[in-house]
């Protein structure tokens with residue numbers, strides 16, 4: 001598992017990688033933690049008054065305030081999960097991507113569950129008393145169409161008009177559309193140019209976005225740069241790079257990676273507190289990539305025990321997409337009940353939120369079986385057909401400079 005001088009063989013850290021499995025337990029565990037962070041951010045935002053002082057309530061609240069990092073982690077994991085099967089066992093090459101089949105698989109992965117939840121939430125919001133709890137005014141036809149076409153992040157009026165977290169599904173679909181281009185760019189220009197270029201793109205987006213907001217504060221586009229693809233593309237590319245390192249069995253210094261991850265975590269936290277969006281996304285993006293690499297060194301036995309907390313996280317990670325889609329409407333609908341049960345006490349409300357998360361886990365497991373698993377099987381059949389026909393077997397060069405999934 002480990003080499004000399006504190007290095008970790010990130011491509012062959014445990015049995016699940018040596019066996020070439022496409023699904024990695026530690027990725028599911030990280031995905032679960034990211035989903036829970038977003039969940040508690042919304043518990044904080046919709047249930048809780050802001051605690052004062054510097055006691056335990058304040059500390060817990062400050063940690064929950066960092067929950068937007070969960071979306072940054074999701075973006076990194078998306079880049080990782082799409083790239084890992086294309087480099088596993090390929091040496092310095094990418095397995096050829098058959099673009100049309102890839103887009104079909106991605107649509108089958110996201111859209112059935114997305115549209116099912118969208119229909120149910122819109123139906124609830126047509127009831128005036130429920131609409132007031134969920135979104136305020138009932139969504140208009142424009143709101144519904146924008147969400148149906150995954151265009152809600154392009155206008156402030158539609159961004160949170162039906163179900164707030166759904167903006168990130170639009171972002172993810174945009175990343176899917178761009179993925180073949182990013183593979184080509186890495187193949188042509190290498191990792192340094194691709195990673196560096198996308199980081200500069202994010203920084204430039206932040207600068208231009210801030211300038212625009214300063215001069216056009218009332219515009220329907222104000223603040224939207226934070227939700228845009230250019231602001232998050234580098235996180236996706238960092239996930240792709242992590243997949244390349246893992247699958248190609250690169251030797252990475254574990255201690256240095258861990259230190260870099262801690263520094264990146266601190267940068268992300270400072271960026272959140274200071275309201276510096278680029279610092280936040282950069283810090284949490286780098287942290288997520290280091291977490292993927294370090295997590296690969298965790299032995300299999302920690303994921304296999306029936307009572308292992310990591311085993312529980314992998315199970316939640318497996319159904320985290322459904323969990324993510326439904327959590328905010330449920331939190332909003334139950335806000336009044338939560339307040340009547342425990343008032344505005346911070347710690348009891350977070351504990352009540354934890355109990356709700358467990359219940360939602362069960363709901364998400366059912367939704368996964370009904371709305372996700374059948375279409376995942378169809379996507380797997382497309383992959384098998386693609387590989388059997390030879391479409392996915394031809395390699396292409398990955399880069400000239402060498403440096404699972406949702």
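Can you pull the one-decimal nm distance between simple spin-label points at residue 340 and residue 263, each 7 Å off the Cα toward Cβ?
The answer from the label model is 5.3 nm.
Is the shape of segment 90-241 best called rounded, prolate or oblate, per the rule: a/c under 1.5 gives rounded, else a/b larger than b/c gives prolate, else oblate, with a ≥ b ≥ c the square roots of the Cα gyration tensor eigenvalues?
Since a/c reaches 1.5 but b/c is at least a/b, the shape of segment 90-241 is classed as oblate.
By per-residue mean of other Cβ atoms within 10 Å, what is the highest-first order of 80-86, 310-316?
Top of the packing list down: 80-86, 310-316.
What is the extension gain from residue 181 to residue 274, computed as 0.36 nm multiplied by their sequence separation minus the C-alpha to C-alpha distance, in nm to one decimal?
30.1 nm
Starting with the highest mean, order 288-299, 367-378, 326-337 by the number of other Cβ atoms within 10 Å, averaged over the residues of each peptide.
Per-residue Cβ counts within 10 Å, averaged per peptide and sorted highest first, yield 288-299, 326-337, 367-378.
Given the rule -39500 (n - 2.57) for each run of at least 4 DSSP H residues, summed and divided by the residues of the chain, what is its mean residue ellipticity at 222 nm, to the nearest 500 deg cm²/dmol?
-22500 deg cm²/dmol
Order the peptides 66-72, 177-183 from the highest to the lowest mean number of other Cβ atoms within 10 Å of their residues.
Listed from highest to lowest mean packing, they are 66-72, 177-183.
Let me make sure I get this right: for segment 188-247, a, b and c are the square roots of the gyration tensor eigenvalues over alpha carbons, sorted descending. Under 1.5 in a/c it's rounded, otherwise prolate if a/b > b/c, else oblate. Which is it?
Cα axes put segment 188-247 in the prolate bin.
How far, in nm, would the chain grow between residue 56 and residue 189 when pulled straight, counting 0.36 nm per residue and subtracting the alpha carbon separation?
The span from residue 56 to residue 189 would gain 42.9 nm if fully extended.
Can you tell me how much longer the chain between residue 381 and residue 218 gets when fully stretched, taken as 0.36 nm per residue apart minus their C-alpha distance, in nm with one decimal?
That pair, residue 381 and residue 218, stretches by 53.8 nm at full extension.
Taken together, the values in this text are just the output of simple stated rules run on the coordinates, not laboratory data. Quantities reported herein were computed from a predicted structural model and do not represent experimental measurements. Every residue, glycine as well, gets a Cβ built from its backbone with ideal geometry; the counts of neighbours run over all protein chains shown.
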